[in-house]
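Before any comments, here is the structure.
The values are calculated or read from the model by the stated rules, or taken from the named source; none is laboratory data. Every value quoted in this text rests on a predicted model; they were computed, and no experiment measured them. All Cβ positions, even for glycine, are placed from backbone atoms using ideal geometry, and neighbour counts span all protein chains on display. Just the protein is used for accessible areas: all its heavy atoms, side chains included, with ligands, DNA and RNA removed. Shrake-Rupley method; radii C 1.70, N 1.55, O 1.52, S 1.80 Å.
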Amino acid sequence: MSFLKKQAAGFWFSLITLVLTLIGLVFYFVNSSTASFGNIGTDTRVIAMAVIAMVLEVAIIALGQKTEGFILNLLYIAASILILMSFLLFVIPRVDTIASILTFTMNASTLADLESAVAGFVFFVIALITSWISSFLKVAKS
């Protein structure tokens, strides 16, 4: 319990970023197996970048316990860039299908498929925002 008492806001925001990225990745897998978006398939770059970003968040939490400095700042930047790239590689291949759903093939099934895509988009964007916020906060109390 004393470990948790020593944690500052940066710890919690990094932890939230980690969880939100994981949830966004789960929605990516769900969306990639839907009828509307299944033909797009899964992109290993999205998976790899999201997993590396989550590993970097763990490294930020671990290193933030002992130090604040240049290396930690680089980790924040790298994690944010990887989350952003995961988001973009998730969105870009789906734009045409989303436009098609919203204009021509709108029915209950395609809208349900679209909901999983939008949910994944939202979780990745919120993860990106919390990653940015955490970069301005200390991980551990002095």
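Observations
- Consider the stretch 41-61 and keep the residues that are open to solvent by 60 Å² or more (accessible area, probe 1.4 Å) and among the hydrophobic types (A, V, I, L, M, F, W, C). The one that is farthest from the chain's Cα centre (by Cα) is V58.
- Of all residues assigned to the stretch 121-139, at least one qualifies as being in contact with a strand residue (DSSP E or B) (Cβ under 9 Å, 6 or more places away or on another chain), closer than 30 Å to K5 by Cβ and not in a helix (DSSP H, G or I).
- Residue identified as among the hydrophobic types (A, V, I, L, M, F, W, C) and either modelled with pLDDT of 90 or more or open to solvent by 40 Å² or more (accessible area, probe 1.4 Å) (or both) among A119, A140: A119
- Within the stretch 77-104, considering residues that are free of Cβ contacts under 8 Å to residues at least 40 places away in the same chain and hydroxyl-bearing (S, T, Y), the one surrounded by the fewest Cβ atoms within 10 Å (Cβ to Cβ): T103
- Odd one out for T34, checked against (1) over 14 Å from F13 (Cα atoms); (2) open to solvent by less than 60 Å² (accessible area, probe 1.4 Å); (3) assigned to a helix (DSSP H, G or I); (4) polar (S, T, N, Q): (3)
- Boolean, T130 is surrounded by fewer than 21 Cβ atoms within 10 Å (Cβ to Cβ) and either farther than 18 Å from L15 by Cβ or modelled with pLDDT of 90 or more (or both): no
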